2 protein chains.
Amino acid sequence: MSSPSVRLLLCDDHAVVRAGLRALLSSADGIEVVGEAGDGEEALAMAARLKPDVVLMDLQLGDGMDGVTATRRLTSGGAAGPRVLVLTMFDTDADITRAVAAGATGYLLKAERPDELFTAIRHAAAGRTALSAPVADRLLAQLRSPRPALSEREHEILGQLARGLGNREIARALFISEATVKTHLGRIYTKLGVETRAGAVAVAKERRLLA
Amino acid sequence: MSSPSVRLLLCDDHAVVRAGLRALLSSADGIEVVGEAGDGEEALAMAARLKPDVVLMDLQLGDGMDGVTATRRLTSGGAAGPRVLVLTMFDTDADITRAVAAGATGYLLKAERPDELFTAIRHAAAGRTALSAPVADRLLAQLRSPRPALSEREHEILGQLARGLGNREIARALFISEATVKTHLGRIYTKLGVETRAGAVAVAKERRLLA
DNA sequence: GCCCGTATCAACCGATCGGTTGATACGGGT
DNA sequence: ACCCGTATCAACCGATCGGTTGATACGGGC
């Protein structure tokens with residue numbers, strides 16, 4: 001006998017993409033789309049009600065809760081919660097790391113071949129980790145030559161920096177002295193491999209370290 | 001009698017999205033997906049060969065030719081060329097304006113309801129302009145209070161700025177004097193409504209003025 | 001022909017930035 | 001107990017940035 005269908009919940013903020021995925025997956029054996037969510041809150045509510053086996057989650061969810069947060073909330077509920085399979089456009093180190101840290105069972109890219117999606121969903125339902133080849137490559141590369149990650153405080157500094165604030169304004173915004181801002185900035189420059197604040201903003205946007 | 005099916009070519013760099021769209025559109029009456037392209041070059045080649053009525057074009061096409069360029073090349077071939085219907089994630093002023101300027105017959109968002117997509121495709125095939133409501137709103141808002149557009153030279157300056165270069169380096173890169181760079185930067189700040197270079201980079205990335 | 005926008009350059013000045021050195025303090029890990 | 005990473009602050013200095021004023025030149029549009 002074949003195992004029962006995988007009950008799947010879609011979460012993506014683009015209705016056209018959701019509809020496309022539903023149409024695509026409905027043609028696959030052993031996969032049943034039980035619902036669609038357009039944002040993180042909706043995904044949590046529908047997951048609680050529909051008890052899907054797997055949530056197919058985009059990381060970019062528009063204005064509200066982001067996909068990483070939604071993933072954490074979905075998986076933090078213990079063993080009863082659904083598996084989360086991340087399906088997104090970006091293969092950035094930061095995205096992958098954060099998604100895995102948030103409890104994602106798998107991670108694959110929208111650029112992947114569709115049949116990879118089918119198998120990844122079945123793997124995820126079985127509790128097996130499902131990382132597509134490019135994603136796994138990136139993870140290993142990162143392990144081999146680990147990039148110095150920004151500390152949380154440095155992240156905050158970077159956020160203010162991207163708003164165009166000067167050092168004094170950043171200092172006021174974060175309730176620290178201007179001197180501290182400068183030391184943080186120095187470390188940020190070193191870690192990002194840049195020499196100016198404009199360069200730091202550019203690299204940060206590039207690596208998707210900022211909203 | 002009903003008119004023959006609209007012959008449609010998909011162009012999107014994400015295979016999963018393409019497959020989803022194909023699955024979705026195959027369920028629609030009067031629409032026939034005749035091919036898929038994953039980048040701009042492929043789209044041009046397949047359009048020449050398959051002679052589709054409409055090309056459904058994403059603006060973000062990864063590394064190579066961008067969607068605006070592909071649209072221009074597709075529509076510049078005179079009346080024989082296909083209609084181009086842009087389907088993308090972003091409703092940024094710059095994207096909409098450039099796509100329309102490049103000859104797009106329609107522009108709609110992936111966040112739109114799927115049935116809007118069906119009607120837009122049929123409209124585009126008939127040569128009618130197809131702008132979804134949010135996009136049309138933005139266009140009108142822009143006409144009512146036109147934002148000062150950056151000149152081409154200012155764009156170049158901005159590009160170098162985003163690389164983190166100093167004024168002197170920008171001057172050398174563009175073969176102009178440092179003084180000229182500063183005057184350009186002053187106008188850029190005014191037009192973007194910022195006061196610092198970091199702010200300019202942030203706003204530029206926000207409005208998608210940069211790659 | 002004239003006006004206006006754009007691009008180019010110069011010289012100036014104060015404010016800010018970037019880098020350095022050195023210091024204190026707190027927490028986690030061995 | 002010790003070390004290491006992180007966060008915090010101070011003082012200093014040269015280089016750069018941001019703003020201003022003023023100028024020339026070229027092109028398109030009325």
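Readers should treat all values here as calculations from the given coordinates under stated rules, not as data from a laboratory. From a predicted model like this one, the values you see are computed outputs, not experimental measurements. Because the Cβ atoms are built from the backbone with ideal geometry, glycine has one as well, and the counts that use them run over all protein chains shown.
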* Structure fact -> With only helices counted (DSSP H, runs n ≥ 4, each -39500 (n - 2.57)), the per-residue ellipticity at 222 nm for the protein assembly as shown, to the nearest 500, works out to -15500 deg cm²/dmol
* Over region B:152-206, what is the mean sequence separation of C-alpha contacts under 8 Å (at least six apart), divided by residue count, expressed as relative contact order in percent? -> 33 percent
* **Amide hydrogen neighbours beyond the local backbone of B:LEU131, cut-off 5 Å, H modeled** => B:TYR107
* Asked: Can you give the average number of partner chain beta-carbon atoms within 10 Å of each beta-carbon in peptide A:108-119, as a whole number?
  -> 4
* Structure fact -> Flagged as over-length at 27 Å C-alpha distance, from B:LYS51/B:LYS110; A:LYS191/B:LYS110; B:LYS110/B:LYS191; A:LYS182/B:LYS205; A:LYS191/B:LYS191; A:LYS182/B:LYS191, the pairs are A:LYS191/B:LYS110; B:LYS110/B:LYS191; A:LYS191/B:LYS191; A:LYS182/B:LYS191
* Asked: Over region B:56-138, what is the relative contact order in whole percent, taking alpha-carbon pairs under 8 Å and six or more residues apart?
  -> 27 percent
* Answer with one residue from B:LEU25, A:LEU210, B:LEU131: the one whose Cα lies farthest towards the positive end of the charge dipole of the protein assembly as shown, charges on Cβ with Lys, Arg +1 and Asp, Glu -1. => A:LEU210
* For region A:117-169 versus region B:56-106, the gap between their alpha-carbon centres in whole angstrom -> 31 Å
* Structure fact -> Between A:VAL33 and residues 5 or more places away or on another chain, the pairs with built amide H atoms under 5 Å apart involve A:LEU8
* **Mean shadow area of region A:60-175, taken as a quarter of the surface of its Cα convex hull (nm²)** => 9.4 nm²
* Structure fact -> With bins of 10 Å, the percent of all Cα-Cα pairs of region B:12-118 per bin from 0 is 15, 52, 32, 2
* **Equivalent ellipsoid semi-axes - Cα gyration tensor, chain B, angstrom** => 37, 18, 14
* Structure fact -> Computed from the beta carbon distance with a Förster radius of 22 Å, FRET efficiency for B:ARG208 and B:ALA173 to the nearest 0.05 stands at 0.45
* Any chance you could check the Cα centroid distance between region A:14-33 and region B:174-204 for me, in angstrom? => 46 Å
* Shielding by partners for B:18-28, please: the mean number of other protein chain Cβ atoms within 10 Å of each residue's Cβ. => 6
* Asked: Put a dot 7 Å past each Cα toward the Cβ at B:LEU50 and A:ARG147; how far apart are the dots in nm?
  -> 3.6 nm
* Structure fact -> Averaged over the residues of A:86-99, the number of partner chain Cβ atoms within 10 Å of each residue's own Cβ comes to 1
* Asked: Taking the Cα centre of the protein assembly as shown as the origin, how large is its charge dipole in debye, to the nearest 20, when only Lys and Arg (+1) and Asp and Glu (-1) carry charge on their Cβ atoms?
  -> 960 debye
* Structure fact -> About its Cα centre, chain A carries a charge dipole, from +1 on Lys and Arg Cβ atoms and -1 on Asp and Glu Cβ atoms, whose size in debye to the nearest 20 is 600 debye
* To do: Using only C-alpha positions, report the orientation-averaged shadow area of the convex hull of the protein assembly as shown, nm², one decimal.
  => 24.8 nm²
* Asked: Between B:VAL84, B:ALA94, B:VAL68, whose Cα lies farthest towards the positive end of the dipole of region B:6-144 when Lys and Arg beta carbons carry +1 and Asp and Glu beta carbons carry -1, centred on the Cα centre?
  -> B:VAL84
* Computed FRET value (nearest 0.05) for B:ALA126 with A:GLU116, which takes r as the C-beta separation and R₀ as 35 Å -> 0.40
* Structure fact -> Looking along the axis that carries chain B onto chain A, the residue of B whose Cβ comes nearest, with distance in whole Å, is B:GLY20, 1
* Asked: Which whole-number percent is the relative contact order of chain B (Cα, under 8 Å, 6+ apart)?
  -> 14 percent
* Structure fact -> Going residue by residue through region A:140-153, the Karplus relation 6.51 cos²θ - 1.76 cosθ + 1.60 with θ = phi - 60° gives ³J(HN,Hα) values, rounded to whole Hz and with x marking Gly or Pro, of 5, 4, 5, 5, 5, 10, x, 7, x, 7, 6, 5, 4, 4
* In nm, what does the list of distances from A:GLU152 to its counterparts in the other copies look like, shortest first, when each label sits 7 Å along Cα to Cβ? -> 5.0
